[in-house]
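Trainee: One structure follows; several queries about it will come next.
The values are calculated or read from the model by the stated rules, or taken from the named source; none is laboratory data. Treat the numbers as computed from the prediction; the structure is a model and nothing was measured. Here Cβ is always computed from backbone atoms with ideal geometry, including for glycine, and neighbour counts include all displayed protein chains. The area values use the complete protein model at the heavy-atom level, side chains included, leaving out ligands, DNA and RNA. Shrake-Rupley method; radii C 1.70, N 1.55, O 1.52, S 1.80 Å.
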Amino acid sequence: MVDLSTAILAINSEAKFSINGEDINQITWYNNTTPVSANDIQTKQTELQADYDAKQYQRDRAIAYPTIQEQLDMQY
């Protein structure tokens, strides 16, 4: 699961905040950071999770097969 911090930083990479126990209702914003709505954070979390899940095949392949460099070294 994509955490709240990742979702917030995907929306505003310069946001300054703290979260109490991954509770979306316990976010404190610092340094005049414009608060991001809970709905926007949850939407971004869902979007990022879908992207992560869609790339599972790539992660599985990376584990199953050696890198190009390793394959070329084996050929040499």
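Trainee: Return the carbon/sulfur percentage of the accessible area of the chain, one whole number, probe 1.4 Å, all protein chains in place.
Mentor: 49
Trainee: Considering only DSSP states other than H, G, I, E and B, which GluC sites (Glu not before Pro) in the range 1-69 qualify as loop sites with at most 14 other Cβ atoms within 10 Å?
Mentor: Passing sites in the range 1-69 are 14, 22.
Trainee: Give me the mean projected area, in nm² to one decimal, of the convex hull enclosing the Cα positions of the chain.
Mentor: So the Cα hull casts an average projection of 7.0 nm².
Trainee: What do you get for trypsin sites (Lys or Arg not before Pro) in the chain restricted to DSSP loop and a cutoff of at most 16 other Cβ within 10 Å of the site's Cβ?
Mentor: The qualifying sites are 16, 55.
Trainee: Please state the relative contact order of the chain as a whole percent: Cα pairs under 8 Å, 6+ residues apart?
Mentor: 29
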